[in-house]
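So the structure is just underneath, and the comments pick up after that.
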Amino acid sequence: MRQPLVAGNWKMHGSRVENASLVSALLDLVQPEKRAEIMVCPPFPYLLETGRLLKDSGIALGAQSVCAEAQGAFTGEVSAAMLKDAGCAYVLVGHSERRQLYGESADLVAGKLMAAQSHGLVPVLCVGETLEEREGGQTLNVVSRQLEAVLSVSGVGSLAKAVIAYEPVWAIGTGRTASSEQAQEVHATIRAKVAGLDATIGGSVRILYGGSVKASNARELFAMPDIDGGLVGGASLKADEFARICAGAG
Ligand code: PEP
């Protein structure tokens, strides 16, 4: 039995005042229940304060990125140990905005995943194809390759304590969502791929869908057999919308 997870990626949005009002509204609206786990990823400077606001709420804290190195002269980077110290339970790795805008390679993503796990953080490994790749019929190959590239470094065992997020790049922040059938096809392929390496991990690893998830499409997406919740960007900044998405997973 896989517990659904709904994660909010706040990206580079917010301020102390805006975050306080978002969290306060979330605490009123979101019902952290046994069925679905909920997590939010604020920008680095707001992790500690958001963690304090969420204390004892049952909503978990995550970060949007992590350095693959443990410590040292890496100006501008934040280590896994620091994220753990700040109260994070999760961290996103391989988000398409990091891969595309900051040139993060598969090797670097694997390094980040392992750094996160070595400090007890649960990495959320993001994979997904571009529009060109989908239109070229390459979706399943691309996603399988992205997964293999990380697993060849970190090993399938690393997925025992990780979450995968399938995020078609063409659906992120565009308002275009993959249909539940399109998403399910990719999720089933990912699960089969992992199960081919380790049946137990294949059956237990949570695979989230991300890409313009809204209250109006969440329930249908989350009802698919291999979709175990969502990674939500824009809609996680609106408390009522995010709360309705969370309810759709519960
Ligand atoms: C994301 O940031 O991972 C994401 C899926 O964004 P959005 O929900 O805005 O498409």
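The values are calculated or read from the model by the stated rules, or taken from the named source; none is laboratory data. Since this is a predicted model, take the numbers as computed values, not measurements. Neighbour counts are summed over all protein chains in view; Cβ atoms, including those assigned to glycine, are modelled from backbone coordinates with ideal geometry. Quick note on the areas: whole protein, heavy atoms, side chains included, nothing else; ligands and nucleic acids left out. Shrake-Rupley method; radii C 1.70, N 1.55, O 1.52, S 1.80 Å.
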Check your understanding: Does Ile172 fit the bill of being in contact (Cβ under 8 Å) with a residue 40 or more places away in the chain and touching a Ser or Thr at 6+ places or on another chain (Cβ under 8 Å)?
Key -> yes
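Kindly indicate the residue of the stretch 1-26 that is surrounded by 15 or more Cβ atoms within 10 Å (Cβ to Cβ) and part of a loop (DSSP other than H, G, I, E, B) and also nearest to the ligand (Cβ to nearest atom) among those meeting that condition.
Across the stretch 1-26, the extreme among qualifying residues is Lys11.
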Exercise for review: Select, from Leu147, Leu125, Leu140, Leu108, the only residue that is open to solvent by less than 50 Å² (accessible area, probe 1.4 Å) and either on the phi > 0 side of the Ramachandran plot or in a helix (DSSP H, G or I) (or both).
Suggested key: Leu147
Review point. Does Gly230 count as surrounded by 24 or more Cβ atoms within 10 Å (Cβ to Cβ), touching a strand residue (DSSP E or B) at 6+ places or on another chain (Cβ under 7 Å) and modelled with pLDDT of 95 or more?
Key: yes
Check your understanding: Can you tell me how many residues in the stretch 27-47 are open to solvent by 50 Å² or more (accessible area, probe 1.4 Å), part of a helix (DSSP H, G or I) and not aromatic (Phe, Trp, Tyr)?
Key -> 4
Review point. How do the pairs read when you match residues in the stretch 138-161 that are closer than 15 Å to His187 by Cα with residues anywhere that are open to solvent by 50 Å² or more (accessible area, probe 1.4 Å), using Cβ under 7 Å and keeping only pairs 6 or more apart or on different chains?
Key: Thr139/Glu133; Val142/Glu133; Ser144/Lys193; Leu147/Lys193
Revision key, fill the gap. Of the residues in the stretch 108-131 that are under 14 Å from Ser79 (Cα atoms) and polar (S, T, N, Q), the one that is nearest to the ligand (Cβ to nearest atom) is Gln117
Revision key, fill the gap. By residue number, the members of the stretch 73-102 that are crowded, with 19+ Cβ neighbours inside 10 Å, assigned to a loop (DSSP other than H, G, I, E, B) and either at pLDDT below 95 or of a type in the set (A, V, I, L, M, F, W, C) (or both) are Cys88
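Does Gly202 satisfy the condition of being of a type outside the set (D, E, K, R), within 19 Å of Ser152 (Cα to Cα) and open to solvent by 40 Å² or more (accessible area, probe 1.4 Å)? Quick ask: steps written out before the conclusion?
Working: of a type outside the set (D, E, K, R): yes; within 19 Å of Ser152 (Cα to Cα): yes; open to solvent by 40 Å² or more (accessible area, probe 1.4 Å): no.
Against the criterion (of a type outside the set (D, E, K, R), within 19 Å of Ser152 (Cα to Cα) and open to solvent by 40 Å² or more (accessible area, probe 1.4 Å)), Gly202 does not qualify.
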Review point. Free of Cβ contacts under 8 Å to residues at least 60 places away in the same chain and of a type in the set (A, V, I, L, M): does that describe Ala25?
Key: no
